[in-house]
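S.K.: Once you've had a glance at the structure underneath, I'll fire off some questions.
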Amino acid sequence: MGIKNSESKHMQQESDNKSFFKKITKFIKQHPVISLIILLALFLGSLMSGSGEESQNNSATKTAKSKSISSSSEDTSSTSSETESSSSQVNESDSIKELKAVVSTPMTKKNFLNIEQGVLDSAQYNDIDSPNQSEATQFKSRVSNIDTLISNNNNLADSESEHLTDNDFNTLKSYQTKLIDYLNALHDYATTYQTDNPVIQKADTPEDTKTEFQDELNESKQTFETAKNDWLTAYDSIMNQ
């Protein structure tokens, strides 16, 4: 009995659906313009709904990006502030002590000047009139020592920013530049002297060749002396504070 009632209701539903579709079809045929307007309205309503959702999604994305940029900016600002704060918290007296220690350790001014004297003495050997393998080896070794000093002092100031005030750190960077210039000029002058002086001293060297070599040697010497004076002034200025 229950099964028959269910089947009866199902058949009734199908009949109602068919009747409904027939009425719609009839309405469309009788009123095509109105039907078209209704369909367009439904279609536009669907588009507006989708556009609204997309706008909300875009707005949410922009908000998230804005928060991310703001957070990144705050992090950068915080890092910069921490660096400035670290530098500003360095005690001036401790900073000067650190600056002097960096400049004079492990080599003092006297140590550098001893090395300078040694390499210039070695550059005196004459490989034209009196070649000597032992003297040549000694000269090359002392020039190599200067190359090592240049390499060792190229980054003198890099690890000192946290231990020095801004002013002292800038002073150290300037000193580093003058020290490297001095060592490079010493290297160039020593090698130029060893190469040019034997030619200049040789009795049968043409005068124009002697003049050319002498001019080159004089220029190298002048560059060296200028760089040396700049370095000595910077060194003494720091150590006399």
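S.K.: Only Lys, Arg, Asp and Glu count, each charged at its Cβ (+1, +1, -1, -1), so figure out the dipole size of region 147-241 about its Cα centre, rounded to 20 debye.
M.R.: Computed charge dipole of region 147-241: roughly 220 debye.
S.K.: Express in Å², to the nearest 10, the accessible area of His187 obtained by rolling a 1.4 Å probe over the protein heavy atoms while all chains stay in place.
M.R.: 40
S.K.: Using 13 Å as the cut-off for backbone N distance, which residues of region 166-209 belong to the label zone defined by a point 7 Å from the Cα of Asp129 along Cα→Cβ?
M.R.: Answer for region 166-209: 197-205.
S.K.: Given that compact globular proteins tend to follow 2.2 N^0.38 Å, what is the ratio of the alpha-carbon Rg of region 196-241 to that value?
M.R.: Output field value: 1.77.
S.K.: Give, in whole angstrom and from largest to smallest, the semi-axes √(5λ) of the equivalent ellipsoid of region 110-198, with λ running over the eigenvalues of the Cα gyration tensor.
M.R.: Semi-axes (√(5λ), whole Å): 34, 11, 9.
S.K.: What residues have an amide H closer than 5 Å to that of Thr205, excluding those fewer than 5 places away on the same chain, when H is modeled at 1.01 Å from N in the peptide plane?
M.R.: Those lying under 5 Å, H to H, from Thr205: there are none.
S.K.: Note the full-extension length gain between Ser93 and Lys173 as 0.36 nm times their separation in residues minus their Cα-Cα distance, in nm to one decimal.
M.R.: 26.9 nm
S.K.: Mind grabbing the accessible area of Lys173 for me, 1.4 Å probe, Å², rounded to tens?
M.R.: About 90 Å², ignoring ligands and nucleic acids.
S.K.: Convert each backbone phi in region 186-201 into a coupling constant with the Karplus relation 6.51 cos²θ - 1.76 cosθ + 1.60 (shift: θ = phi - 60°), then list the ³J(HN,Hα) values in order as whole Hz, x for Gly and Pro.
M.R.: Computed from phi, the couplings for region 186-201 are 5, 4, 5, 5, 4, 5, 5, 4, 5, 7, 8, 4, x, 5, 5, 7 Hz.
S.K.: While we're looking at this one, here's another question. Given a Förster distance of 35 angstrom, what is the FRET efficiency for Thr205 paired with Asn114, based on the Cβ-Cβ distance and rounded to 0.05?
M.R.: Plugging the Cβ-Cβ distance into 1/(1 + (r/R0)^6) gives 0.60.
The values are calculated or read from the model by the stated rules, or taken from the named source; none is laboratory data. Note that the coordinates shown come from a computational prediction; the quantities given were computed from them, not determined experimentally. Every residue, glycine as well, gets a Cβ built from its backbone with ideal geometry; the counts of neighbours run over all protein chains shown. The accessibility values were calculated without ligands, DNA or RNA, using every heavy atom of the protein model including side chains. Shrake-Rupley method; radii C 1.70, N 1.55, O 1.52, S 1.80 Å.
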